[in-house]
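Taking it in order: structure first as structure tokens, then the write-up.
The values are calculated or read from the model by the stated rules, or taken from the named source; none is laboratory data. Bear in mind the structure is a predicted one, so any value in this text is a computation, not a measurement. Backbone-built Cβ (ideal geometry, glycine too); neighbour counts: all protein chains shown. Ligands, DNA and RNA are excluded from the accessible area calculation, which covers all protein heavy atoms including side chains. Shrake-Rupley method; radii C 1.70, N 1.55, O 1.52, S 1.80 Å.
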Amino acid sequence: FREIGYQKTTVADIARTLKMSPANVYRFFDSKKAINEAVLERLIGEVEALISEIADRPGLDPTERFVAAIETLHRDCTRRCEAFPRLHEMIEAAMAESWDVCRHHVARITAGIERIIRDGVARGVFEAADPAEAAACVHAAIARYTHPVLVGKSPLQPAPSVEAMTAFLLRSLAPR
């Protein structure tokens, strides 16, 4: 996928790289789509693990973890877009086609954000009547900075910096 891209990679290409027959590849995966999803799950699983670790990191207050999570999501997405454009094509296609792996990814990232918000509410740092809804709102608000399709394209309108958006979101969660 890195060498010739998502659209052009065939099962025969994968088998050749792995030094096995296409039939042997199909012993492990029942379709090319299953291969694609497994590769994508591995890629996005890396950032999910980072966000989970940040959400549960002891020693950082909820505000620091909130900022770290958004910065990590943004940095990871931007890096993949720039460093691995052919893999980024696969991520864009998966998001556009709503592969199941993408829906699960969004749920896991939102759950990490929710854990940070819940902890912030418990400590009196954040105010949110419904932390799950607040996390969904935050995830939607940062999509411009963390969604592969949006990061990979030039914006139609100028957007505030990710730092400005993060500060705005923190103000929206601040106790009144």
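In this structure, does residue 76 turn out to be at pLDDT 85 or above, among the charged types (D, E, K, R), out of contact with any Cys (no Cβ under 8 Å at 6 or more places or on another chain) and within 17 Å of residue 147 (Cα to Cα)?
Details: at pLDDT 85 or above: yes; among the charged types (D, E, K, R): yes; out of contact with any Cys (no Cβ under 8 Å at 6 or more places or on another chain): yes; within 17 Å of residue 147 (Cα to Cα): yes.
Against the criterion (at pLDDT 85 or above, among the charged types (D, E, K, R), out of contact with any Cys (no Cβ under 8 Å at 6 or more places or on another chain) and within 17 Å of residue 147 (Cα to Cα)), residue 76 qualifies.
Of the numbered criteria (1) more than 25 Å from residue 172 (Cα to Cα); (2) touching a His at 6+ places or on another chain (Cβ under 6 Å), the one residue 110 fails is (1).
One line per residue, one yes/no per condition, for (1) of a type in the set (Ser, Thr, Tyr); (2) open to solvent by 30 Å² or more (accessible area, probe 1.4 Å); (3) within 26 Å of residue 6 (Cα to Cα); (4) touching a Pro at 6+ places or on another chain (Cβ under 6 Å):
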residue	(1), (2), (3), (4)
103	no, yes, yes, no
109	no, no, yes, no
117	no, no, no, yes
122	no, yes, no, no
130	no, yes, no, no
136	no, yes, no, no
143	no, no, yes, no
171	no, yes, no, no
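Residues that are within 15 Å of residue 97 (Cβ to Cβ) and among the hydrophobic types (A, V, I, L, M, F, W, C) were ranked within the stretch 37-51; the one that is most open to solvent (accessible area, probe 1.4 Å) is 39. Taken over the stretch 2-45, the criterion of being modelled with pLDDT under 85 and on the phi > 0 side of the Ramachandran plot is satisfied by 5 alone. Of the helices (runs of 4 or more DSSP H) lying entirely inside the stretch 45-150, the ones with 2 or more residues being under 30 Å from residue 9 (Cα atoms) are found at 62-83, 85-97, 100-122, 143-146. Residue by residue through the stretch 1-45, note down the ones that are free of Cβ contacts under 8 Å to residues at least 40 places away in the same chain and of a type in the set (Gly, Ala, Ser). Once the filter is applied, which keeps residues that are free of Cβ contacts under 8 Å to residues at least 40 places away in the same chain and of a type in the set (Gly, Ala, Ser), the stretch 1-45 yields 12, 15, 21, 23, 31, 34, 38, 45. Taken together, the residues in the stretch 1-46 that are under 27 Å from residue 72 (Cα atoms) and among the polar types (S, T, N, Q) amount to 1.
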